[in-house]
1. What are the residues in the range 58-69 that are outside any loop (DSSP other than H, G, I, E, B) and free of Cβ contacts under 8 Å to residues at least 24 places away in the same chain, if any?
2. Could you grab me the full set of residues in the range 103-126 that are in contact with a Phe, Trp or Tyr (Cβ under 7 Å, 6 or more places away or on another chain) and open to solvent by 10 Å² or more (accessible area, probe 1.4 Å)?
3. Here is a check on your reading of the model: is G265 small (G, A, S) and surrounded by 23 or more Cβ atoms within 10 Å (Cβ to Cβ)?
4. What residue, among those in the range 376-411 that are within 30 Å of V259 (Cα to Cα) and touching a His at 6+ places or on another chain (Cβ under 9 Å), is surrounded by the most Cβ atoms within 10 Å (Cβ to Cβ)?
5. With the checklist (1) within 30 Å of E169 (Cβ to Cβ); (2) surrounded by fewer than 20 Cβ atoms within 10 Å (Cβ to Cβ) in hand, flag the one item N147 doesn't pass.
6. Go through the range 346-362 and count every residue that is open to solvent by 20 Å² or more (accessible area, probe 1.4 Å), at pLDDT 95 or above and in a loop (DSSP other than H, G, I, E, B).
7. Can you work out which of the residues in the range 283-296 that are within 20 Å of P232 (Cβ to Cβ) and open to solvent by 20 Å² or more (accessible area, probe 1.4 Å) is modelled with the highest pLDDT?
Amino acid sequence: MPPEPRIQVLSPRTWGKFGNYLAATSFSRVLRERVAAEVALGEAEPLVPLLGEAGAEIRVISEESPDLATRNARYRGLMERLQERFPQGFEEDPTPAQAAVLSGLTAHLRETSPDVVVGTKGFLARLCVAAVRLAGTPTKVVSQVTNPGLLQIPLHRSRFPDLTLVGFEWAARRLLADEGGDPARVRVVGPLVAQHDLREFMTGPAATADTAPGTASGAAPWGADDDDPDRPRLIVFCNRGGEVYLRLLERIAADHPSVDLVFVGYDDPGLARRAAGSAGRQRHWRFHSRLTQTEYFDYIDRAARSAHGLLVSKAGPNTTLEAAYFGIPVLMLESGLPMEEWVPGLIHEHALGRACSAPDELLRTADDWLSRPESIARHKKSAIGFASRVLDQDTVATRIGAAVGSLLEER
């Protein structure tokens, strides 16, 4: 009996707060459920230190850029510098300098010789193609496009992976138009939502702002009237920057103090404490820098069951799709990152909520919607319809399993 096939999923943890590695975790889970293979998930940075260096620069760009235009320009500049070092087509015949950067990845693939290696960034998938050639193994390479907005950046596009998986038809068309290649090697599988895997990233000690008024954690009910389905319930999720969200809390505390609200300053206890201070004495509000599994899903469930539940965050694709999956409308602030520029269009096309280009627009919209919560209810109906049409996760998982399974059959 032949040995069970082996699949290696690689993901850069530092390219974003947690969205990319979270997507890799979800993808790995689907493979374990749908493909008869041994699946290993690993961080790419130890194998390619360059990715960690770029990830550190991305964090600085994201958190320290003074405005959207500067953040966009700085990010594009980094992508262009990397593209100069790894131009289109380098995968076919890496130079000695490129091979040196890939030495750790090449050695890993030569030693483990997986049947399939998956890169969850287009750039990483390109590096895997080159490393497989340098290693001399028959490993197949899959590019899992976790964010189709990355396909506008040449660094993340390639025709060389044996299989590229995308979430939307327009992403497949964009890739084939820009790079060419065999259409049979590009599969549209639908968006993969991490509803089962968020717990691994949100859990940990509940780091609440317990030095300021109005904070609470644990199993206490969310809100003063847990049985009121019409009470607006807001989740404010902040994983990049925070000043605008503190202003938002001040405004809501002053003008709409009866709403229920939970603030998550992800992995930033100082921001959670400042948020509690901005909120004044709203003792039924909650403030966290991390959540336990029970707390997170309790908040999501209660927001989803409310006719006027709402998620406020930056306009990232994973956050937007996650909210829509649970039937929660979004009020988003554009991030200024080029690979997220498509998300406002998604939100507005499907009436999932609103994406705002400036902080003042976010504050005005929040005030308007909380004054007229029927606006939130309309977007909730649209989110539920979108989820039923596009986000059926059993269908997505089946497509992923079939695509990767067919690649294994080619061995």
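The values are calculated or read from the model by the stated rules, or taken from the named source; none is laboratory data. All figures in this text were calculated on a predicted structure; none of them were measured in a lab. Virtual Cβ from ideal backbone geometry, glycine too; neighbours counted across all protein chains shown. Ligands, DNA and RNA are excluded from the accessible area calculation, which covers all protein heavy atoms including side chains. Shrake-Rupley method; radii C 1.70, N 1.55, O 1.52, S 1.80 Å.
1. The first filter runs over the range 58-69 and keeps only residues outside any loop (DSSP other than H, G, I, E, B), leaving 58-64, 68-69.
Within the range 58-69, V60, I61, E64 qualify.
2. Correct list: K121 only.
3. Details: small (G, A, S): yes; surrounded by 23 or more Cβ atoms within 10 Å (Cβ to Cβ): yes.
The answer is yes for G265.
4. The first filter runs over the range 376-411 and keeps only residues within 30 Å of V259 (Cα to Cα), leaving 376-388, 391.
Add one more test, that the residue is touching a His at 6+ places or on another chain (Cβ under 9 Å), and what stays is 376-377, 380, 382-383, 385-386.
Working: I376: 22, A377: 16, K380: 22, S382: 17, A383: 28, G385: 15, F386: 19.
Per the criteria, the residue is A383.
5. Going through (1) within 30 Å of E169 (Cβ to Cβ); (2) surrounded by fewer than 20 Cβ atoms within 10 Å (Cβ to Cβ) one by one, N147 breaks only (2).
6. 2
7. H284
This table checks each residue for (1) modelled with pLDDT under 90; (2) in the same structural domain as Y266 (by the TED database); (3) acidic (D, E); (4) over 19 Å from L246 (Cα atoms).
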residue: A303; (1), (2), (3), (4): no, yes, no, yes
residue: L310; (1), (2), (3), (4): no, yes, no, no
residue: S313; (1), (2), (3), (4): no, yes, no, no
residue: G316; (1), (2), (3), (4): yes, yes, no, yes
residue: L321; (1), (2), (3), (4): no, yes, no, yes
residue: Y325; (1), (2), (3), (4): no, yes, no, yes
